[in-house]
Amino acid sequence: MKNTKGNPSHEDRRDFIRKTVAGTAVLWAGGILPGFTPKSYARILGANEKVRVGMMGVNSRGLALASNYALQPNCEVISVSDVDTRAAEKCITTVEGIQKSKPKNQPDFRKALEDKDLDALVVAAPDHWHAPAAILASKAGKHVYLEKPCSHNPNEGELLMAVQKKYKNVIQMGNQRRSWPNVVQAIKELQSGIIGRPYFAKGWYTNNRASIGVGKEAPVPSWLNYDLWQGPAPRRPYKDNLIHYNWHWLWNWGTGEALNNGTHMVDLMRWGLGVDYPTQVTSSGGRYRYKDDWETPDTQVINWDFANNTGMTWEGRSCNGKAVEGTSTGVLFYGDTGSLLIDSGNSYKVFDLENKLVKDVKNDITINARDRMNPSQALDAIHIQNFFDGIKKGAPLASNIESGHQSTLLVQLGNIALRSGGALQTDPANGRIKNNKEAQKLWKREYEKGWEPTV
C-alpha cells in the first residue's frame, strides 16, 4: 500500500500480515477437511476471540514459530513445552516480550494438553515426535499445526489421517510455501497452461554442512530430560554430538535431508503436476563426504513416476553447496511450450522453449532458505492465519493432513528405496509398496514399549 504522498506506508508487521492474508485468501489451495465441524469441539471460538496455542519444541525452528504466533493479533501463546530448560526459558522470555503476557512453562507437553483453554498445539519437536504428539493432541481435543515432515514413517502418516477423520480437528502441516502468494500464483499459472502441459519437474536442496564427528557417550546434561526427548523412539545412549540438530542424520530419530528440506520442494512438484501417489520410486546416494556418525545420505537423488505420464526428481546435497539454476533450493517444471522456475523465495520465472525469459515475478521480502530457524517470518504468517481460519471458520486449508501425508510419503518412499536397495513398485491409489518384503519392513518403525501411537 502507499500513502497519499506516494511513499510506502509504515504499517506495522501485524497490519501487513492481516492485509496480506486478506489479499491472498482466494489463492489458497487445498480442500476442506473431511468431516470437519467446529461443533465437534467443546470450546467454540468466537469470531474475534484469540486462538490460544501451546508450543512443543522451541529450541530453534520452534522458537521462530513461537515468536511468529505471538506476533499474530488474533493469537496468544499460553504454554511452552520443551525438554531443554534453557530453550524453554528463552522462548518464554521472547514470547512475553512480544505479546506482553507470560506463557506457562509446561516441560511435558502432555500436561499442557490437559488445559481446557488450549485450542491448538504447535509441534516443532524432532521428527520422531511429530506424529505421536499430533495424535495425542487430537485425542485431547486440540487442533494441530505440525511442522514438516508430518511423520517419521509412512504408517504414522496413515495414522494421522485416520485420527483426523475420527476426531474431526484441524491439522495443518507446516509446508508454508503452500501459502506464499507468488508461489501460489506460479502454481495457478502452471496449471492454467503457461508452459503447456507440465510433464516433468526437478527439485533440489544444497548446503555445505560440516562433519558431526564421532560422538562419545556422556552423562545427560542437567538441563535436558533425555528420556522425554526420546519419547516414542527406542532408547539409545546419550552422545555428546546428538542434540540439538544432529539427530536429523540418525535414523532412530531423524529422516535425513530428504524430509528435512526435500519435503518442501517435493510438495511443490507434486502440487504443480497434480499428482498424489506414484507408480514407481527409485533412489541412489550415500554418506560420501565424511566418515562420522551421520547415517542418512549426504548426497541423494530420488525419482518418481506417476500414472498420468509425468515424472519428477529431487537432488539433495548436504555437503556441497553448489547452487542449481542460481539458487540453493528450488523447483523447475518442464512443459510442452516452456519451463517454470520457482526459486528459494517467493518468486518465479517463466521461459519459452528457446530458453528466453518471458515472465519474471520477483519477491520483495528477503528470504534465506538455508536459515534453519526462521527463513521467512512474514510469509509464514499467512500459513498460520490460514490455520486459524480453518479452526474458526472451517475454511479450506492450504495443506491439510491428507495432502501433507502425500507429500511426506513420496520422500519417505525415496528413503525406503535407497535403504532397501532397489526400485519400489507402488500402488497409485495409496502409495503402498507392492511385492517387496524387505522394503515393507521400513513402512513402520519400532517404538519404545508403551509409547506406540494408536488411533
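The values are calculated or read from the model by the stated rules, or taken from the named source; none is laboratory data. Since the model is a prediction, treat every value here as computed from it, not as a measurement. Positions of Cβ are backbone-derived with ideal geometry, glycine not excepted, and every protein chain shown enters the neighbour counts. We work out accessible area using only protein heavy atoms, side chains counted, and drop any ligands, DNA or RNA first. Shrake-Rupley method; radii C 1.70, N 1.55, O 1.52, S 1.80 Å.
Structure notes:
- Largest first, the residues LYS449, LYS142, LYS102, LYS168 sort by 1.4 Å accessible area into LYS449, LYS102, LYS168, LYS142.
- Separation between Cα centres of segment 431-453 and segment 144-221, rounded to whole Å: 20 Å
- Difference of contour (0.36 nm per residue) and Cα-Cα distance, GLU114 to LEU357: 81.9 nm
- Extension gain, ARG235 to GLU438: 0.36 nm times the residue separation minus the Cα-Cα distance gives 70.7 nm.
- Ranked order, ARG270, ARG61, ARG52 - accessible area, probe 1.4 Å, largest first: ARG52, ARG61, ARG270
- Note that segment 61-104 presents 37 Å² accessible area per residue, ligands and nucleic acids not counted, probe 1.4 Å.
- Accessible area (Å², per residue) of segment 224-325, counting only protein heavy atoms and a probe of 1.4 Å: 34 Å²
- Computed FRET value (nearest 0.05) for GLN425 with LYS139, which takes r as the C-beta separation and R₀ as 35 Å: 0.50
- Cα-based shape type of the chain, given that a ≥ b ≥ c are square roots of the gyration tensor eigenvalues and the cut on a/c is 1.5: rounded
- Anisotropy class assigned to segment 284-419 is rounded, per the alpha carbon gyration tensor with a/c under the 1.5 cut-off.
- Helical content of the chain, expressed as a calculated mean residue ellipticity at 222 nm, amounts to -9500 deg cm²/dmol (DSSP H runs of 4 or more residues, -39,500 (n - 2.57) each, divided by residue number, nearest 500).
- The apolar share of the surface of the chain, taken as the fraction of accessible area on carbon and sulfur atoms (1.4 Å probe, ligands and nucleic acids excluded), comes to 49 percent.
- Shape call, segment 90-160: gyration tensor on alpha carbons, a/c limit 1.5: prolate
- Per-residue SASA entry for TYR447, accessible area with 1.4 Å probe, Å² rounded to 10: 40 Å²
- Accessible-area ranking of ARG287, ARG432, largest first, probe 1.4 Å: ARG432, ARG287
- Rolling a 1.4 Å probe across all protein chains gives THR454 an accessible area of roughly 70 Å².
- Links that overshoot a 24 Å alpha carbon limit, given the list LYS90/LYS168; LYS148/LYS359; LYS116/LYS168; LYS104/LYS449: LYS90/LYS168; LYS148/LYS359; LYS104/LYS449
- Cβ-based net charge around SER420, under 11 Å, with every Lys or Arg adding one and every Asp or Glu removing one: +2
- Charge context of ARG289, other residues only, Cβ under 10 angstrom, K/R +1, D/E -1: +2
- In straight-distance terms, cross-link reach from LYS165 covers every one of the lysines whose alpha-carbon lies under 17 Å from its own, apart from those fewer than eight places away in the same chain; here that gives LYS39, LYS139, LYS142.
- Averaged per residue, segment 330-448 has 43 square angstrom of accessible surface, using a 1.4 angstrom probe with ligands and nucleic acids left out.
- Percent antiparallel among DSSP beta bridges (both partners in the chain, rounded to 5): 60 percent
- The accessible area of VAL301, taken with all protein chains in place and a 1.4 Å probe, comes to roughly 50 Å².
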